[in-house]
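Notes follow the structure.
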Amino acid sequence: MQGSKKLRVALLPTLLALLALFVAACGSSGGPSTNSGQMASPDKQVFRYPESAIDDFGTLDPALVQNASDSVAIQTIFTGLVQFKDDGTVVDQLAASHTVSSDGLTYSFTLKPGLKFSDGSPLTANDVAYSINRAIIPATKSPVSGYLKLLKDYDKVNSGKIPSAIGDSIIVKDDTHIDLVISKPAAYFLQTLTYPTSYVVNKKLIDKYGAEWTNHLDEGASAGPFKVSSYNHSKGLDVVPNSNYYGTQPKLQKIQFIFSGDTDTTYKAYLSNQYDVVGVPAANLADAQTRKDYHTNPSLSISYLSLNYLSKPFDDINVRKAFSLALDKDLLVQSVLKGAGIPTNHLLPEGMPGYAKNLKGVDGTPSTKANVDMAKQALAASSYGSAAKLPPITLTYYTGSTTAKNLITAIQQQWKDVLGVDVKTTAVEFSKLVELETSTHASSGPLQVWYLAWIADYPDPQDWLSVFFGKGADYNDFNFGQNNGSAASQQQAIQDQLAQADVTQDQNQRLQMYNDAEQKIVDQVGWIPIDQGKSNVLINPKLHGYVENPLGVHSPDSWGNIYFTT
């Protein structure tokens, strides 16, 4: 949930979250956490989950979620037609089954019988239709409705030219049958439905409370394995088992999502037995690795710098190259991140389908070290000519993480040492950074260059390349292709290539097309990737069955296998 905006890392369904690098969904390396103890009594089945580096959730509305920190909680409460299993495969969830038409355009879903919301009221195909349509219509102002843009006439509905997709691309046959019609065949359509935008919400709550409905989730909003028992905007969220859930009842009797302060404070609190899982700050990694409760796994996440193509001086491709080539990612990862990540030039993390092993960095080599000479040459070749002639530059990042602050300070220093550029920095709360980023879409500000991360929503290159760099993409907040720079036409040609790859049915061919597009985007300095994340966590040894996977996703049914032992 977009490191991941859009499960920024922080979406997941994720993260990202955009924060998922530091508060990753976790478990033991290679599978679920296990121990030989017997199940503890019900009063001991309370899972204390810290939500670090945030003061409150950005939203608990599935149609609006962008951050992994929000998505972790949303995933326990809500669900949709399909979701991921813990192994990353897509399975029917609220749906009992589905079929696809021979032309690949119509997906027909049959719902499980007897579905109910957490208040016991029936959940039917009309509720599914309402929820998906609600995410699309302009009144909802969903920043993530683009996950549903494959639906036929999405653009017309989203712009208000058509009042509703119901009866058009969303067709209710009866209480248990619904068709979704898409505009073009796409192998990844079911995967897009795993994002919370398509999760089912209770219309009567929204009708009753309007925009404030998420303050009343305890009144029967959800259909997932848990339901909300209390929500305090300054303390956190408590969820308890949903007795009307159609699947196996959770053994945990409560999950407490607790706003826990910054990452260092949260880590110390885990060590004093206040939480049951915690992300390990880079400074503590060496010590953590000696502990029996330490677990690590690769993460499908990339941390990166975005540079606004509409903001000077980053409208100049040579300035972008200079800023990229000046960074020694090896040094940043080893000295600042303490080995908690993997230095990279890639947009797609290793482990994703379509990962290009032979991708080259901006200097035409696979090296992730700085290329000082080429960086200086690029700046000299720019329209500005020297550091002295550059306009003021501000790098924005999020508060709450000492690691992020130290990383930004090191990046700032490397730009000073190599290019002679004095870059100012400013830190804002995470949700504010996402808000500022959204405002930068098609604009020269408010952001110039900023630091975030992205965690996969689903394992397909489309979720990274087209979602960020495609023409009209919701997350193209750095304005790739939509600018007046000298390379804009080349970027637009890349966007056309991405659009063609999205609908190509031959999987090998489409992956090759994505590989080629990724290299071209790297050459255009679409992002400055820093590192691929790892999940480095400590987990209460009494927590049994808590599975980690690279997507950071817990399937609804998996909660029936998670519990505390004696």
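Throughout, read-outs are computed from the coordinates displayed, never taken from laboratory work. Nothing here was measured: the structure is a model prediction, and the numbers come from that model. When we count neighbours, we look across all protein chains shown, and the Cβ atoms used for this are built from the backbone with ideal geometry, even at glycine.
Give, in nm to one decimal, the length gained when the segment between S489 and A442 is fully stretched (0.36 nm per residue of separation minus the Cα-Cα distance).
Contour length minus Cα-Cα distance gives 15.3 nm.
Taking θ = phi - 60°, what integer Hz values does the Karplus form 6.51 cos²θ - 1.76 cosθ + 1.60 yield along segment 399-405, in sequence order, with x for Gly and Pro?
7, x, 10, 4, 4, 4, 4
If we count every other residue with Cβ under 15 angstrom of Q491's Cβ, Lys/Arg +1 and Asp/Glu -1, where does the sum land?
Counting the neighbours of Q491, the net charge comes to -3.
Multiply the residue separation of A96 and H216 by 0.36 nm, subtract the distance between their alpha-carbon atoms, and state the gained length in nm to one decimal.
In short, 40.3 nm is gained.
What order, most packed first, do the peptides 123-136, 349-362, 89-102 have when packing is the mean number of other Cβ atoms within 10 Å of each residue? Before the final figure, lay out the partial values.
On the way: 123-136: 22.5, 349-362: 16.5, 89-102: 14.9.
So the peptides 123-136, 349-362, 89-102, ranked by packing, come out 123-136, 349-362, 89-102.
May I ask you to give the average projected area over all directions of the convex hull of the Cα atoms of the chain, in nm² rounded to one decimal?
23.6
Name the long-range amide H neighbours of H177: under 5 Å, sequence gap of 5 or more, or other chain; modelled H, no Pro or chain starts.
L111, A125
Helix-derived [θ] at 222 nm for the chain: sum -39500 (n - 2.57) over DSSP H runs of at least 4, divide by residue count, nearest 500?
On the way: 14 runs with 136 residues, N = 566.
Value at 222 nm, helices only: -7000 deg cm²/dmol.
Rg/Rh for segment 340-420: what does it come to with C-alpha atoms and Rh from Kirkwood? Could the numbers behind the result be given before it?
Values: Rg = 15.5 Å, Rh = 15.3 Å.
We get a ratio of 1.02 for segment 340-420.
If you bin the C-alpha pair distances of segment 416-566 every 5 Å from 0, what whole percents do you get?
All Cα pairs, binned at 5 Å, distribute as 2, 7, 13, 15, 16, 14, 11, 9, 6, 4, 2, 0, 0 percent.
Just to check, using Stokes-Einstein with a Kirkwood Rh over alpha carbon pairs, what's the diffusion coefficient of segment 298-534 at 4 °C and 1.567 mPa s in µm²/s? Don't jump to the answer; show the numbers that get you there.
Working: Rh = 17.7 Å.
Answer, rounded: 73 µm²/s.
Taking the highest mean first, how do the peptides 211-218, 39-46, 536-543, 243-250 order by number of other beta carbon atoms within 10 angstrom per residue?
Details: 211-218: 16.0, 39-46: 13.4, 536-543: 21.0, 243-250: 17.5.
Listed from highest to lowest mean packing, they are 536-543, 243-250, 211-218, 39-46.
Would segment 374-474 count as rounded, prolate or oblate if I go by the C-alpha gyration tensor, calling it rounded below 1.5 in a/c and otherwise prolate when a/b exceeds b/c, oblate otherwise? Don't skip to the answer; put the middle values down first.
Values: a/c = 1.80, a/b = 1.40, b/c = 1.29.
Judged from the Cα gyration tensor, segment 374-474 comes out prolate (a/c at least 1.5, a/b above b/c).
For the chain, with only Lys/Arg (+1) and Asp/Glu (-1) charged at the beta-carbon, what is the dipole magnitude about the Cα centre, in debye rounded to 20? Present the calculation step by step, with values, prior to reporting the outcome.
On the way: 45 positive and 54 negative charges, 104 e Å.
Roughly 500 debye for the chain.
Starting from the Cα gyration tensor of segment 79-207, take the square roots of the eigenvalues, sort them a ≥ b ≥ c, and report rounded, prolate or oblate (rounded when a/c is under 1.5, otherwise prolate if a/b is larger than b/c, else oblate).
Rounded shape, in that the Cα axes give a/c under 1.5.
Just check segment 60-130 against the gyration tensor rule for me: Cα atoms, a ≥ b ≥ c as the square roots of the eigenvalues, rounded for a/c under 1.5, and otherwise prolate or oblate depending on whether a/b exceeds b/c.
Working: a/c = 1.82, a/b = 1.25, b/c = 1.45.
Oblate is the answer for segment 60-130, as a/c is 1.5 or above yet b/c matches or exceeds a/b.
Amide H of T426 versus every other amide H placed in the peptide plane: which residues, excluding those fewer than 5 positions away on the same chain, fall under 5 Å?
Placed amide hydrogens put L395, T396, Y397 under 5 Å from T426.
Where the centroid of each part is defined by its Cα atoms, how far is segment 318-373 from segment 75-136 in Å?
The two parts, judged by their Cα centres, are 40 Å apart.
So for D496, D363, D328, fewest C-beta neighbours within 10 Å to most, what's the order? Don't skip to the end; give the middle numbers.
Details: D496 13, D363 18, D328 22.
If I rank by nearby Cβ atoms, fewest first, I get D496, D363, D328.
Segment 263-308 to segment 175-218: how many Å between their Cα centroids?
33
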